[in-house]
Ligand code: AMP
Ligand code: TRP
């Protein structure tokens, strides 16, 4: 086992650059990472996983723009100060380790992944990389000697495979990898679409009128919240399944202001008051973030430099881990060449 350079716990997460980030991404994924990063015991790596975006039909110009946009937004959220942010393809060891892990995994394992079954199995034009995607994800995690991966439910199976591959590799070739563990987030807020509160708020949905994007202007947010599914009952509840629209607004208000949904609606009377409170809270949350985003977007060289600095932090250690894996598998290492 390679000695850990520090006693801090290494946390790794990857975010795929597809579409504009929305409030659900912030509350469900970005803020939990910011919280982890705020704890000095954690050494947090955040990776914009652009290679994963190539597993389905994609537009090159769009991918480039989405990668920059996601990185800029994550920086604007403050991740540069407390975590290390970098773009996956800037660290070529990810792809090389992915190949080594493909040679550790089996076809049967890959085929059993639920996401592959849902998104591609049986379709001859499915990209091969969609099948092998979990090996790349395992490489992302294992390359950086990750201890903990904060995951949502949809990624649990992929993470379990990464754990299985780390154990198998270590048992077969020697102790190279840290075996990671999942940190399933404690009931992160599940934000629903404002117009269709039975389905999740999503960044690439067909109808954006129920989605609060992080870069939406204050009046757009106000208009979207005002048009949220109407509910004429003047009483407010935080958890009535028969009134998903009201419940969702209560959840959003609670999550944004750091309270429970029940606490958030206490003292408010009627849907109009709730909507006004939601608008104010979301605008207050997003305003500083948008200001920072504007500054960064006006200075693309600064963003490039921050991303290069992030990659610079991980490159050296990553190439050592890769070299250890290469050597263990019988490939020549840097010292042999
Ligand atoms: P996606 O945008 O679906 O690729 O998701 C990226 C991350 O954001 C994942 O960790 C999701 O769990 C989280 N996320 C996306 N939408 C929501 C939502 N509506 N509520 C809570 N978390 C979400
Ligand atoms: N597969 C993840 C998703 O679709 C993104 C991802 C890629 C990731 N590599 C990772 C998440 C490593 C955690 C750790 O959301």
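The values are calculated or read from the model by the stated rules, or taken from the named source; none is laboratory data. The model shown is predicted, which means the values in this text are computed figures rather than measured ones. We place every Cβ from the backbone using ideal geometry, glycine too, and count neighbours over all the protein chains shown.
Mind checking which residues of region 9-38 are under 12 Å from residue 214 (Cβ atoms), more than 8 Å from ligand 1 (Cβ to nearest atom) and touching a strand residue (DSSP E or B) at 6+ places or on another chain (Cβ under 6 Å)?
20
Give the residue that is surrounded by the most Cβ atoms within 10 Å (Cβ to Cβ), with candidates limited to residues of region 85-96 that are farther than 9 Å from residue 311 by Cβ and away from ligand 1 (no atom under 16 Å from the Cβ).
94
Could you go through region 191-206 and let me know if any residue there is at pLDDT below 95, in contact with a helix residue (DSSP H, G or I) (Cβ under 8 Å, 6 or more places away or on another chain) and not in a loop (DSSP other than H, G, I, E, B).
Checking region 191-206: at least one residue is at pLDDT below 95, in contact with a helix residue (DSSP H, G or I) (Cβ under 8 Å, 6 or more places away or on another chain) and not in a loop (DSSP other than H, G, I, E, B).
Does residue 66 qualify as being within 16 Å of ligand 2 (Cβ to nearest atom) and either surrounded by 14 or more Cβ atoms within 10 Å (Cβ to Cβ) or over 21 Å from residue 255 (Cβ atoms) (or both)? Spell out the reasoning first.
Numbers: within 16 Å of ligand 2 (Cβ to nearest atom): yes; either surrounded by 14 or more Cβ atoms within 10 Å (Cβ to Cβ) or over 21 Å from residue 255 (Cβ atoms) (or both): yes.
For residue 66, the condition - within 16 Å of ligand 2 (Cβ to nearest atom) and either surrounded by 14 or more Cβ atoms within 10 Å (Cβ to Cβ) or over 21 Å from residue 255 (Cβ atoms) (or both) - is met.
Condition check: under 20 Å from the mean Cα position of the chain (by Cα) and either modelled with pLDDT under 95 or away from ligand 2 (no atom under 15 Å from the Cβ) (or both). Does residue 184 satisfy that?
So residue 184 fits the description; yes.
Between 267, 245, which is more than 23 Å from residue 79 (Cβ to Cβ), in the same structural domain as residue 213 (by TED's automatic domain parsing), more than 25 Å from the chain's Cα centre (by Cα) and loosely packed, with under 13 Cβ neighbours inside 10 Å?
Details: 245 fails: loosely packed, with under 13 Cβ neighbours inside 10 Å.
Answer to the check: 267.
Of all residues in region 26-63, which are within 10 Å of ligand 2 (Cβ to nearest atom), within 18 Å of residue 183 (Cβ to Cβ) and assigned to a helix (DSSP H, G or I)?
The one that is within 10 Å of ligand 2 (Cβ to nearest atom), within 18 Å of residue 183 (Cβ to Cβ) and assigned to a helix (DSSP H, G or I): 29.
Can you confirm whether residue 101 is in a helix (DSSP H, G or I), over 15 Å from residue 133 (Cβ atoms) and in contact with a helix residue (DSSP H, G or I) (Cβ under 7 Å, 6 or more places away or on another chain)? Before the answer, list the steps.
Working: in a helix (DSSP H, G or I): yes; over 15 Å from residue 133 (Cβ atoms): no; in contact with a helix residue (DSSP H, G or I) (Cβ under 7 Å, 6 or more places away or on another chain): yes.
When the stated conditions are applied, residue 101 does not pass them.
Hey, could you check region 8-20 for residues that are more than 13 Å from ligand 2 (Cβ to nearest atom) and either over 30 Å from residue 253 (Cβ atoms) or buried (at least 20 other Cβ atoms within 10 Å of the Cβ) (or both) and say which is modelled with the highest pLDDT?
The selected residue is 9.
Being at positive phi and touching a helix residue (DSSP H, G or I) at 6+ places or on another chain (Cβ under 9 Å) is the filter here, so list the residues in region 107-146 that pass it.
Hit for region 107-146 is 145, nothing else.
Consider residue 147 against the criteria (1) in contact with a strand residue (DSSP E or B) (Cβ under 6 Å, 6 or more places away or on another chain); (2) within 12 Å of ligand 2 (Cβ to nearest atom): it satisfies all of them except one. Which criterion is unmet?
(2)
Quickly run through region 105-149 and pick out the residues that are buried (at least 18 other Cβ atoms within 10 Å of the Cβ) and in a loop (DSSP other than H, G, I, E, B).
Residues satisfying the conditions are 105, 113, 120, 144, 145, 146, 147.
What residue, of 257, 321, is surrounded by 13 or more Cβ atoms within 10 Å (Cβ to Cβ), touching a helix residue (DSSP H, G or I) at 6+ places or on another chain (Cβ under 8 Å) and farther than 26 Å from residue 195 by Cα?
Being surrounded by 13 or more Cβ atoms within 10 Å (Cβ to Cβ), touching a helix residue (DSSP H, G or I) at 6+ places or on another chain (Cβ under 8 Å) and farther than 26 Å from residue 195 by Cα holds for just one of 257, 321, which is 321.
In region 126-174, how many are in contact (Cβ under 8 Å) with a residue 60 or more places away in the chain, under 17 Å from residue 56 (Cα atoms) and within 20 Å of the chain's Cα centre (by Cα)?
5
Tell me which residues, restricted to region 70-84, are closer than 12 Å to residue 307 by Cα and in a helix (DSSP H, G or I).
Within region 70-84, 70, 71, 72, 74, 75, 79, 80 qualify.
Of the residues in region 163-180, how many are over 14 Å from residue 321 (Cβ atoms) and within 11 Å of ligand 2 (Cβ to nearest atom)?
Of the residues in region 163-180, 0 are over 14 Å from residue 321 (Cβ atoms) and within 11 Å of ligand 2 (Cβ to nearest atom).
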